[in-house]
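To keep things clear, I will list the structure first and then write my remarks on it.
The values are calculated or read from the model by the stated rules, or taken from the named source; none is laboratory data. Everything numeric here is computed off the predicted structure, so don't read it as measured data. In this analysis, Cβ positions are derived from the backbone assuming ideal geometry, glycine residues included, and neighbour counts consider all displayed protein chains.
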Amino acid sequence: MLHLRRLPALPGAPGLRSCHSVLGIPPVDAVPAPGCTPLPYEQLPGDWGRGWRGLYRFWRKDGFHNIHHLMVENFQRYGPIYRETLGTYDSVHILHPGDAASLFQVEGPYPERLRVQPWVEYRDYRNKRYGVLLKSGEEWRCHRLALNREVLSVAGVARFLPLLDQVGQDFVRRAYTQVERSGRGKWTADLSNELFRFALESVSYVLYGQRLGLLQDYIDPEAQKFIDSVTLMFHTSAPMLYLPPRLLRGINSRIWTDHVRAWDAIFNHADSCIQGIYGALKQRSDSVYSGVLSSLLLQEQLPLEDIKASVTELMAGGVDTTSMTLQWAMYELARSPGVQERLRSEVTVAREASGSDITTLLKSIPLVKAAVKETLRLHPVAITLQRYTQRETVIQNYLIPQGTLVQVGLYAMGRNPDIFPSPERFSPERWLGRVSTHFKGLGFGFGPRQCVGRRIAEMEMQLFLVHILENFKIEVNRMSEVGTTFNLILYPSKPILLTLRPLK
């Protein structure tokens with residue numbers, strides 16, 4: 001269970017106050033108008049005085065799986081800012097991009113977001129180190145900078161791009177095999193498991209420099225155990241966002257024991273990979289790139305257990321997230337054949353101009369990149385983006401105290417017609433026009449605490465879509481409407497049957 005905490009005051013970064021002027025966002029929501037006194041925190045609208053009664057009502061509305069829809073309802077009821085208390089979990093929710101910009105002005109030099117408490121509890125229970133996702137303060141900053149050089153820098157991305165491209169090509173070969181086996185000239189299936197395997201194969205190759213063989217018909221039992229464990233970890237995490245993990249641990253709840261079993265398997269998989277890499281490092285040439293983990297081990301800048309913790313978090317968090325986004329992207333492209341053809345035309349031209357140069361190719365596909373952004377607008381992996389304010393601030397003319405948990409409603413923002421005209425329409429072009437998109441595309445976060453695996457995920461998804469568009473037409477039953485359900489991340493409410501039909 002998370003409590004509203006008061007953090008020590010920290011000075012703002014130099015030049016931070018000019019953020020709005022640089023981005024062209026009017027700071028009208030950040031400061032009160034001349035002569036206008038900010039309203040006190042206690043006057044914030046919302047259902048925030050009920051504590052555990054609020055959590056009971058939340059449960060009665062199936063809030064554990066329906067929280068994103070309840071947030072939309074709350075914004076419609078209370079306006080662009082409201083306060084909510086669920087048990088002892090107290091936070092402020094905001095909607096407007098300009099307010100999100102104001103929030104990031106007060107995140108401080110050591111930004112702190114909502115911690116996934118069951119993950120913390122597991123690490124404390126097993127006496128394991130936190131990775132950068134869970135670290136805070138100066139230690140977080142030091143370790144994060146080391147990881148940034150490997151996975152976010154231009155040089156780091158250039159090293160792992162060929163690995164992601166290989167896995168994308170292998171998925172295409174597997175798809176052609178499935179088409180041939182079907183005997184119908186197409187492959188129709190619920191691709192969720194196939195995309196999960198693709199995503200796990202991709203991130204494993206980048207992090208460990210090893211292929212798991214997940215795009216073959218036969219899957220090693222240990223790899224399948226890892227797949228099942230990641231799914232179980234997400235499934236058991238969601239209820240413990242609001243129910244205290246320590247309480248469930250104390251009563252030896254099934255949710256807790258399953259959660260521990262899942263993380264044990266995930267960490268055991270990481271141990272196995274690390275042992276293999278130690279042996280391989282003695283035989284490989286320094287000129288051969290063998291993954292993020294090998295590179296970090298060779299640098300000897302971070303303790304082994306800290307490296308393992310951060311890489312394990314990247315692995316666990318980088319599979320469902322990209323596979324779900326790719327499934328939603330294919331679903332939307334299948335329902336928008338005109339958009340799909342425009343993307344295919346762009347890819348064809350870019351390929352002719354770049355040949356086998358992956359870096360040049362990726363610089364020439366702005367519409368494909370926009371399609372990923374548009375997918376994350378409609379189907380964000382995380383429904384909110386959170387920060388604890390590290391100094392007092394004013395949002396929507398309310399005085400927000402230092403140490404307050406403030407959440408940007410990403411799902412609600414993406415569905416708001418005042419922010420995105422015709423929000424139900426899948427339109428990647430909206431990200432390429434003249435209308436400002438600042439602080440509207442926050443699917444990977446913002447600032448120094450943005451998703452550390454962002455570039456891996458973006459390159460993986462862009463290259464996947466390039467390969468699919470070059471080889472297949474994506475189809476779906478256009479009468480099929482698919483909703484969403486929350487299970488730590490957003491999932492389809494029912495299986496999506498997609499068809500891949502070869503272009504040749």
Which condition does residue 105 not pass, out of (1) in contact with a Lys or Arg (Cβ under 9 Å, 6 or more places away or on another chain); (2) outside the structural domain of residue 43 (by TED's automatic domain parsing); (3) not hydrophobic (A, V, I, L, M, F, W, C), if it passes all the others? (2)
Residue within the stretch 279-299 that is within 28 Å of residue 173 (Cα to Cα), of a type outside the set (A, V, I, L, M) and modelled with pLDDT of 85 or more present: yes
Please tell me if residue 354 is in contact with a Ser or Thr (Cβ under 9 Å, 6 or more places away or on another chain) and either surrounded by fewer than 21 Cβ atoms within 10 Å (Cβ to Cβ) or basic (Lys, Arg) (or both). yes
Give 197, 249 a once-over and let me know the one that is over 23 Å from the mean Cα position of the chain (by Cα) and surrounded by 14 or more Cβ atoms within 10 Å (Cβ to Cβ). 249
Looking only at residues that are in contact (Cβ under 8 Å) with a residue 40 or more places away in the chain and within 20 Å of the chain's Cα centre (by Cα) in the stretch 169-194, which one is surrounded by the fewest Cβ atoms within 10 Å (Cβ to Cβ)? 192
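Here is a yes/no grid of residues against (1) buried (at least 24 other Cβ atoms within 10 Å of the Cβ); (2) touching a Lys or Arg at 6+ places or on another chain (Cβ under 6 Å); (3) at pLDDT 95 or above; (4) of a type outside the set (Ser, Thr, Tyr):
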{"position": "325", "(1), (2), (3), (4)": "yes, no, yes, no"}
{"position": "329", "(1), (2), (3), (4)": "yes, no, yes, yes"}
{"position": "332", "(1), (2), (3), (4)": "no, no, yes, yes"}
{"position": "362", "(1), (2), (3), (4)": "no, no, yes, yes"}
{"position": "374", "(1), (2), (3), (4)": "yes, no, yes, yes"}
{"position": "391", "(1), (2), (3), (4)": "no, no, no, yes"}
{"position": "399", "(1), (2), (3), (4)": "no, no, yes, yes"}
{"position": "410", "(1), (2), (3), (4)": "yes, no, yes, yes"}
{"position": "417", "(1), (2), (3), (4)": "no, no, yes, yes"}
Selection within the stretch 256-275 - closer than 15 Å to residue 488 by Cβ and surrounded by 18 or more Cβ atoms within 10 Å (Cβ to Cβ): 259, 262, 263, 266
First in the stretch 235-253 and on the phi > 0 side of the Ramachandran plot, second anywhere and surrounded by fewer than 17 Cβ atoms within 10 Å (Cβ to Cβ) and at pLDDT below 80, Cβ under 6 Å, 6 or more apart: none
Please list, ordered by residue number, the helices (runs of 4 or more DSSP H) wholly in the stretch 52-161 having 3 or more residues that are on the phi > 0 side of the Ramachandran plot and crowded, with 22+ Cβ neighbours inside 10 Å. none
